[in-house]
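The structure appears right after this line, and notes come after that.
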Amino acid sequence: MRRAILAGTSRRKLQASVPKMPFGLRIASYIVPLLKPQDSRILTKIQGEVDVSKMADTGKQMLAALCLVVSCLCVAEAQLTPNYYQKTCPTAESVIKQQVTNAYNADKTIPAGLIRMFFHDCFVRGCDASVLIDGLDTEKQGVPNINSLRGFEVLDAAKAAVEKVCPGVVSCADVIAYAARDAMELAGNLKVNNWVGGRRDGSVSVSAETLTNLPSPFANFTTLLKTFQSKGLNQNDLVILSGAHSIGHAKCGIIFSRIWSFGGVPGQADPAIDPSYLPTLRNACPQNSPGLTINMDQRTPEVLDVNYFRDVNNGRGLFISDNALRTSPIANALVKIYQVPQVFSPSFVNSMRRMGNIGVLTGSQGKIKTNCRVA
């Protein structure tokens, strides 16, 4: 009996010493790792068991955000299918993965470039590899892309390798998609199952379309959301895909006005920036040095993890668009939810799947190119 009492006392002391996780985060960290795409019924369960009328505003926002997370785990795959090349080119995915892995072993920053390439391809004319086309007026030359996108040589190597084993079978669009999948696995130390293929290649690529279709790092939340909604994505996709900013780097010129002359006032910084973080940004990006680069995430710049959301939550997001996530109640709640690794990983993968369905060419549409750089 004495042992039982002491054991119970020890457990109570241990429980008292561990900080309680907020209600919404506790729910999210428990349910999301258990969910499968068909488990949208859990959404109804959450909504039915919680009396929203008795919750504080922050609680309502957290519940709404959780419901959005769960509902977005149900992904429509357009006409794309897993193991698409199983019969026509069974080694395609492994061949591409080997090229991505080789590049990663030589340069740990490559995953950031490949994930961003997939994003920039899909948001302009859909996921059709139009971002890879060479030319004086192609997407490569668009302001958001020129001297910015990275990983072209990795995709060239992957395409060349797969052409050797299966000539004229695997599209450039799928090479980008599979490479982005491999990049997620390498940088995020996670496993992505049932990644789909079946995309075909487009032949039109226009530089001006990058400015009208890609979200700007200077955009406010309303503008960002409109851009994502125009692609069939939603607020949850906007927030979780922003998590890609946990890897890679940016040109100092993009944040120069934010840290040195906010609102056009010399020496003024954006008041939304954590004041204790400002010296770090200014040391990395001194005045009159717009060509220098800065890591998007100062702690783990080569790891796809939750530090991005922790930084945004604490006023340490790099771009104006990162901080914009804090200006919407639901988005701000999502930022808090995605600080839980077990929630972040499956949600990021699922939103990448959703993005990979944007404007795809399938069936007899488009073509299968042997050279991704030509129209």
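Placing unit charges on C-beta atoms (Lys and Arg positive, Asp and Glu negative, everything else neutral), compute the dipole magnitude of the stretch 286-375 about its Cα centre in debye, rounded to 20. Let's see the in-between values first.
Values: 10 positive and 5 negative charges, 71 e Å.
I would put it at about 340 debye.
Take the Cα coordinates of the stretch 121-217, assign each an equal point scatterer, and use the Debye formula without solvent to give log10 I(q)/I(0) at q = 0.24 Å⁻¹. Listed by q, the Debye log ratios stand at -1.33.
Here the Karplus curve 6.51 cos²θ - 1.76 cosθ + 1.60, taken at θ = phi - 60°, turns the phi angles of the stretch 130-144 into couplings of 5, 5, 8, 6, 7, x, 6, 10, 9, 4, 4, 8, x, 3, x Hz, with x standing for Gly and Pro.
Cα-based values for the stretch 308-349, radius of gyration first and Dmax second, are 9.9, 27 Å. State the dimensionless ratio Rg/Rh of the stretch 191-231 (Rg: radius of gyration of Cα atoms; Rh: Kirkwood radius). When Rh is taken as the Kirkwood radius, the ratio is 1.11.
Note on residue 136 and residue 370: the extension gain reaches 82.1 nm, defined as 0.36 nm multiplied by sequence separation minus the Cα-Cα distance.
Rank these by accessible area, largest first, 1.4 Å probe: 125, 181, 373. List each step's numbers first, then the result.
Working: 125 110, 181 20, 373 80 Å².
In descending accessible area the options line up as 125, 373, 181.
Once a ≥ b ≥ c are taken as the square roots of the eigenvalues of the Cα gyration tensor of the stretch 247-299, is the result rounded (a/c under 1.5), prolate (a/b larger than b/c) or oblate (a/b not larger than b/c)? In terms of gyration-tensor shape, oblate. Dipole check for the stretch 175-227: with +1 at the C-beta of Lys and Arg, -1 at the C-beta of Asp and Glu, and the Cα centre as origin, the magnitude is about 140 Debye.
Determine the shape class of the stretch 182-290: with a ≥ b ≥ c the square roots of the Cα gyration tensor eigenvalues, call it rounded for a/c under 1.5, and otherwise prolate if a/b is greater than b/c, oblate otherwise. Prolate, since a/c reaches 1.5 and a/b exceeds b/c.
Which of rounded, prolate or oblate describes the stretch 127-172 when judged by the alpha-carbon gyration tensor and an a/c cut-off of 1.5?
Here the stretch 127-172 falls in the prolate category.
Let me check against my output: what whole-number percent is the relative contact order of the stretch 79-204, with C-alpha pairs under 8 Å and at least 6 apart? Before the final figure, lay out the partial values.
Details: 167 pairs, mean separation 53.7, N = 126.
Relative contact order for the stretch 79-204 comes out at 43 percent.
The values are calculated or read from the model by the stated rules, or taken from the named source; none is laboratory data. What you see is a predicted model; the values in this text were computed from it and never measured. All Cβ positions, even for glycine, are placed from backbone atoms using ideal geometry, and neighbour counts span all protein chains on display. Accessible surface areas use protein heavy atoms only, side chains included; no ligands, DNA or RNA. Shrake-Rupley method; radii C 1.70, N 1.55, O 1.52, S 1.80 Å.
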